[in-house]
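Structure record follows, encoded as structure tokens.
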Amino acid sequence: MPVRALIELLHIAVGVLATLLLAWLAAWSVPNARESITLVAWIVVGVVVLSGLWSLRRARDHGRVPQADDAASDA
């Protein structure tokens with residue numbers, strides 16, 4: 001796996017962990033809104049993962065030389 005792809009995986013992991021940490025702190029500080037905070041946090045985690053997957057795909061394909069088989073499968 002290319003180094004760029006590993007860096008993108010690290011970015012996704014850090015984004016998810018940061019979101020969960022901030023959500024936990026927010027739920028701790030405002031216990032009455034715990035359910036709402038949790039819902040929004042999981043939605044944000046989904047967005048972070050989806051946006052990270054797009055970047056991960058681009059990083060994986062960066063510098064890849066197309067093979068003859070790839071051109072035949074695209075047709």
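The values are calculated or read from the model by the stated rules, or taken from the named source; none is laboratory data. The model shown is predicted, which means the values in this text are computed figures rather than measured ones. All Cβ positions, even for glycine, are placed from backbone atoms using ideal geometry, and neighbour counts span all protein chains on display. The area values use the complete protein model at the heavy-atom level, side chains included, leaving out ligands, DNA and RNA. Shrake-Rupley method; radii C 1.70, N 1.55, O 1.52, S 1.80 Å.
Side notes on the structure shown:
- Using heavy atoms of the protein chains and a probe of 1.4 Å, the accessible area assigned to Leu25 is about 80 Å².
- The simple Förster model, with R0 at 22 Å and r as the Cβ-Cβ distance, assigns Ala33 and Ala13 a FRET efficiency of 0.25.
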